[in-house]
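The values are calculated or read from the model by the stated rules, or taken from the named source; none is laboratory data. Quantities reported herein were computed from a predicted structural model and do not represent experimental measurements. So basically every Cβ, Gly included, is an ideal-geometry build from the backbone, and we count neighbours across all protein chains shown.
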Amino acid sequence: MLGLAALGVLTGVFSVITSLSIAVFGKGSALHPAHLRLRPVILVTCAWASLFYVFLFAQSCAAFYVKGQLRKANHRKKDDDAPENKNKTERNVSLADVKYRNKGTKLNLICNRTVGNYMEQSGMFLVSLWLSAILHDPFKAATAGWVWLAFRAIYPIVFTAGPFLFLSTIPAYVCVFYLLVTVWYECW
């Protein structure tokens, strides 16, 4: 569990450092001068993709970790069985059982819902982010984008904390609503 958390944190830190270094030290020469103003939103989009991969990697790591734990538990259970039960063969839990057939644990649920919720919310976020950047102000859109990403990043932490889940979801909804209001304002 600790290794999985460390992997997620390290990948997230790497993504942030990479995005910031591109923002600070990158020349932006690959961008057409007219597109340079969208650079802050491009960086948010890169960070969005990085966070998505962090969640996907965590989901896969959780599945392998849980499969290993269930395998150890099966071996211990077989060793503890009485001699008359030793002839019974239990089917080992496969990775497919853990990933697709709900044979996992709470850790699997957290990782699966984190990826699922991220995918559910990303479409509206990306559309509103880019529309706001193009039609309104790319710097304000990028700021809302970074805030959205920060609140999405804490989703796996607060998922099992009952009402604290709203500390991740509601502020992210507000960010998307803000971005859509800026687009509506420009088009009105």
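Of note:
- Within region 159-183, if we keep just the residues that are among the aliphatic types (A, V, I, L, M) and at pLDDT below 95, the residue that is surrounded by the fewest Cβ atoms within 10 Å (Cβ to Cβ) turns out to be ALA161.
- Exactly one residue out of ALA73, ALA96, ALA30 is modelled with pLDDT of 60 or more, within 24 Å of TRP130 (Cα to Cα), loosely packed, with under 13 Cβ neighbours inside 10 Å and out of contact with any helix residue (DSSP H, G or I) (no Cβ under 7 Å at 6 or more places or on another chain), and it is ALA30.
- Pair list, Cβ < 7 Å and 6+ apart or interchain, from region 148-169 residues that are in contact (Cβ under 8 Å) with a residue 24 or more places away in the chain and closer than 21 Å to VAL41 by Cα to residues that are assigned to a helix (DSSP H, G or I) and of a type in the set (Ser, Thr, Tyr): PHE151/SER168; ARG152/TYR118; ARG152/SER168
- Residue among LEU38, LEU51 that is at pLDDT 90 or above, out of contact with any Phe, Trp or Tyr (no Cβ under 8 Å at 6 or more places or on another chain) and surrounded by 15 or more Cβ atoms within 10 Å (Cβ to Cβ): LEU38
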